[in-house]
Amino acid sequence: MFRSTLLYLSNQPRVFRFVRKNRLAKSFARRFVAGERLDEAVEAVRALNAKGIAASLDLLGESVTNEHEARSARDEYLTILDRINAEGLDCNVSVKLTAMGLDISEELCVSIMRDILERAQRYGTFVRIDMEGSGYTERTLRLFEERLYPGFKQHVGVVLQSYLYRTPADVQRAVELKCRVRLCKGAYKEPAAVAYPEKKDVDANYVKCMHTLLEHGTYPALATHDPALVSEAKRFVAERGIATDRFEFQMLYGVRRDLQEQLVREGYRMRVYVPFGTQWYPYLMRRLAERPANVMFITGNVMREMVGGRR
């Protein structure tokens, strides 16, 4: 019922118009979304860079329904890459294949992604292909391995989710390919047929995959706000003598800023995922609806940060 309500609200234009004009709602959203315009996102990245934190910009929007929308998304990403280069920002980009036309045509999607990767290659930067729901996992990894990675090995990477049973095998394949992986737990609501339903099992799979990537992977990104997983990563690299420049931690914009800055002070690399765009309201509502536990996740992490002294 709760999930259905959130999904219903995410598709109500009148609710969106009200929320965009509501100061309290906009204030809450700005905690987790950098703004609606690229200029606002660039300011957020500058502020992070000033603290020694790198960023990854994500233009909100997914599941486009026609070729015009897909090519418009491509053009906006090309502009983002141009701006990152012109500003000299420590920043890359994150892209969802459904925003690039995957549901319309794989050929269209590949063509658009190659345009983006060519621009990234020209600037010597990097594009992370975000992972979506489990229905897209196999298609995303196949297109990555067969159509995108071979021509852009230094400039493109993928995301793997520890709540999926298949992920240890996908990690092993990534090690063989020597491609860059962002490891996260996963945020979508998935059936027990493909994903662990219990947090302890998701965490255990994360640790297993994290150890493999830290020891054998190519500059893995550990995306987690979980202090226990962060501590385990720190313990493992110290035990194995793995240098801090061989991996990075990643966190979401506005979540555990205290922990982000603490890790930087301790000498670890940190990158923050910075979403922006006019679709921030549907984005927030869908993220909450995909897993209602996300409501408690966001609330709990904000409270931890406030108790720690940050406002």
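Candidate cross-link partners of K199 among the aspartates and glutamates, defined by an alpha-carbon separation under 15 Å and a same-chain spacing of 8 or more, comprise E190, D226.
Among H68, H216, H225, H211, sorting on how many other beta-carbon atoms sit within 10 Å of each Cβ, with the fewest leading, yields H68, H216, H211, H225.
Entry note, the stretch 229-272: relative contact order of 41 percent, from Cα contacts under 8 Å with a spacing of 6+ residues.
Taking Cα centre as origin and charging only the Cβ of basic (Lys, Arg, +1) and acidic (Asp, Glu, -1) residues, the dipole magnitude of the stretch 33-278 rounds to 740 debye. Of all lysines in the structure, the ones whose alpha carbon falls short of 26 Å from that of K153, not counting any fewer than 8 places away in one chain, are K96, K178, K185, K208. Derived scalar couplings between HN and Hα for the stretch 52-61 equal x, 10, 7, 9, 9, 7, 10, 7, 5, x Hz in order, rounded to whole Hz, by the Karplus curve 6.51 cos²θ - 1.76 cosθ + 1.60 (θ = phi - 60°), x for Gly and Pro. Think of each Lys and Arg Cβ as +1 and each Asp and Glu Cβ as -1; about the Cα centre, that makes the dipole of the stretch 114-204 roughly 300 debye. Among the chymotrypsin sites (Phe, Trp or Tyr not before Pro) within the stretch 119-200, those in coil by DSSP and having at most 16 neighbouring Cβ atoms inside 10 Å are Y165.
Summarising the strand pairing of the stretch 33-278, around 5 percent of its internal DSSP beta bridges are antiparallel.
Ordered by the number of other Cβ atoms lying within 10 Å of each residue's own Cβ, fewest first, S105, S162, S56, S111 fall into the sequence S105, S111, S56, S162. 3J(HN,Hα) along the stretch 263-271, derived from phi through the Karplus expression 6.51 cos²θ - 1.76 cosθ + 1.60 where θ = phi - 60°, amounts to 5, 5, 4, 7, x, 8, 7, 9, 10 Hz, with x in place of Gly and Pro.
Read-outs: derived from the displayed coordinates by stated rules, not from any lab. These figures come from a predicted structure and were not determined experimentally. Note: ideal-geometry Cβ built from the backbone for every residue, glycine included; neighbour counts use all protein chains shown.
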